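The values are calculated or read from the model by the stated rules, or taken from the named source; none is laboratory data. Model, not experiment: these values are computed from the prediction. Please note: Cβ atoms are built from the backbone with ideal geometry, for glycine as well, and neighbour counts cover all protein chains shown. Heavy atoms of the whole protein, side chains included, go into the accessibility calculation; ligands, DNA and RNA do not. Shrake-Rupley method; radii C 1.70, N 1.55, O 1.52, S 1.80 Å.
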Amino acid sequence: MTDALGLARQLGLSDKALVSFMGRARRVSALCGDAGKLAAGLAPRDGADGQVTVFMPNCPLALVAMLAALSAGYSPRLLDPRAALKDLRPQFAAIENRDLVLTVDLSAVQDRLLAVLPQDSRPRVAVGRFATQMPMPQRILAPYLRGGTFSRLPQHESFFRLEGLMGKTSATASALSRESDIVVSSGSCSLAALLEEAGEQARTRKGQRWLLDQPLGRRDSLVASLAAMRKGAELILAPRLDEESLKKTMASTKADLRAPGTRG
């Protein structure tokens, strides 16, 4: 069964682990539960079909989307919305109508996605609500954030709400395998290798609050994220990765270290 604890066990994740975002902390088991429900909506009828691309800033929903795609039998591709358009356009050049893009309703992210989608392709684009990941006070102020969101979808036939894919229950069978691949900025890497490196890092790296200081779509970022969750530490995600914002986040969260960067 792809229940929350089952998915966490498959990946060797600790139920003590937390993922924090803008002051809101959630247990890894809760995120795995969401991933199971999304996997139910992603699962194709006759084997994995098309490609799943996660096009989100660092946030809990990006982890949920990645885990859901793996559970549904896909090799998810993680792309950083902050990347230069000249680097993103080749990544989307061969996208097909049967492919799926998972993104969020930040206007800055949607604008960049619209700028790189080929005009002759109509992949499905599922849009998650960014504000639901925040604590209540920040949710109210979400429309006024820099590059903020008004929970609107672009006037584009490919875009629809991610909630439409979420099942009420988890998928009945997981297609997750340690032989699965994840495609990051440097290329394809196996889940087994990522988990092996993450296990070693979890054993050797100290600290209980890890601030991820670079895009999730990098191999070393994935290793560090999995390591924190395997260790039972608190993984802190920040939507902005400029140095000034990272220093403020590190001070406000009392993070022990920056991962995969250096302390302080």
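Okay, residues lined up against (1) of a type in the set (G, A, S); (2) more than 20 Å from the chain's Cα centre (by Cα); (3) within 25 Å of P135 (Cα to Cα); (4) open to solvent by 60 Å² or more (accessible area, probe 1.4 Å):
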| position | (1), (2), (3), (4) |
| --- | --- |
| A175 | yes, no, no, no |
| G187 | yes, no, no, no |
| R219 | no, no, no, yes |
| G232 | yes, no, yes, no |
Q. Looking at the range 40-105, what strands (runs of 3 or more DSSP E) fall wholly within it and have at least 1 residues that are farther than 23 Å from M134 by Cβ, of a type outside the set (F, W, Y) and open to solvent by 10 Å² or more (accessible area, probe 1.4 Å)?
A. 77-79
Q) For the range 189-217, which residues satisfy the criterion of being free of Cβ contacts under 8 Å to residues at least 24 places away in the same chain and under 18 Å from the mean Cα position of the chain (by Cα)? A) S190
Q. Here is a list of conditions, (1) open to solvent by less than 50 Å² (accessible area, probe 1.4 Å); (2) at pLDDT 95 or above, and R209 meets all of them except one; can you say which number that is?
A. (1)
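Yes/no per residue for (1) at pLDDT 80 or above; (2) out of contact with any Cys (no Cβ under 9 Å at 6 or more places or on another chain); (3) farther than 30 Å from K247 by Cα:
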position	(1), (2), (3)
Q138	no, yes, no
E163	yes, yes, yes
D181	yes, no, yes
S185	yes, yes, no
L194	yes, yes, no
E197	yes, yes, no
A224	yes, yes, no
Q: Determine, yes or no, whether E244 is part of a loop (DSSP other than H, G, I, E, B) and either in contact with a Gly (Cβ under 9 Å, 6 or more places away or on another chain) or open to solvent by 20 Å² or more (accessible area, probe 1.4 Å) (or both).
A: no
